[in-house]
Each structure stands twice: as C-alpha cells, then as structure tokens.
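The values are calculated or read from the model by the stated rules, or taken from the named source; none is laboratory data. The model shown is predicted, which means the values in this text are computed figures rather than measured ones. Methodologically, a virtual Cβ is constructed for each residue, glycine included, from the backbone with ideal geometry; neighbour enumeration extends over all protein chains shown. Note: areas computed on protein heavy atoms with side chains; ligands, DNA, RNA excluded. Shrake-Rupley method; radii C 1.70, N 1.55, O 1.52, S 1.80 Å.
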Amino acid sequence: MTHDELLNKLDSMEMRYKNEAPRRNALRAVVELHNARGGWIFQGVLQDQFCGICDVEYPCPTIQAIEKELK
C-alpha cells in the first residue's frame, strides 16, 4: 500500500466510540512522519524509496506494523 493509500485508509476508518478519534489521529501523525522520500523511476515503477525518519527502505518497520494491523 502506498503512503497516500495508508493515509486515506486511516481517514476513512469508522469510529464506533468517541475515544477512537484521538487514537486514529495519533496513528495518522505517526504515518505522516514516516513518509517515503527519494527514489527513482525504472520502467515506470518507483524504486528505492526510503523512510524520512528511519532512513531505511520504505515501507519501514513502523509502517509495515501499522499496515499489518489494519488488514
């Protein structure tokens, strides 16, 4: 999932209880910090993006953990 797709998924999450909004907003803030940067295009496909915080290949372990829990 791309960074924008993950943000859109968080934005579209239904909140069943009023205390879920702050949790979702905190999670969204983490995803915004761990955004993809860099990269180059090879045959129309973006390659070698890195996390702006972790400086490891994107998606970093933080984003991978969030994606796993949202599936």
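Numbers for the structure displayed
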quantity	calculated
Rule-of-thumb Rg ratio for the chain [Cα; 2.2 N^0.38 Å; N residues]	1.22
Computed lengthening from Arg23 to Ile53, 0.36 nm per intervening residue step minus Cα-Cα distance	8.7 nm
Vicinal HN-Hα couplings computed from phi for the range 42-51 (Karplus, 6.51 cos²θ - 1.76 cosθ + 1.60; Hz; Gly/Pro x)	10, 6, x, 10, 5, 10, 6, 7, 10, 6
Farthest positive-ward along the chain dipole, Cα basis, beta-carbon charges - from Phe42, Cys60, Asn25	Asn25
Whole-number percent relative contact order across the chain, with pairs defined as alpha carbons under 8 Å at least 6 apart	23
Per-residue ³J(HN,Hα) for the range 18-35, Karplus 6.51 cos²θ - 1.76 cosθ + 1.60, θ = phi - 60°, Hz, x for Gly and Pro	5, 7, 7, 4, x, 5, 5, 5, 5, 5, 4, 4, 5, 5, 4, 5, 8, 8
Cα-centre dipole for the chain with unit charges at Cβ (Lys and Arg positive, Asp and Glu negative), debye to 20	360
Carbon/sulfur fraction of accessible area - the chain, other protein chains in place, 1.4 Å, %	52
Estimated distance in nm for a label pair at Leu7 and Arg37, the labels positioned 7 Å out from Cα along Cα-to-Cβ	1.5
Summed side-chain charge close to Glu69 - residues other than Glu69 whose Cβ falls under 13 Å, Lys, Arg +1, Asp, Glu -1	+4
Over the chain: helical MRE at 222 nm, DSSP H runs n ≥ 4 each giving -39500 (n - 2.57), nearest 500	-14500 deg cm²/dmol
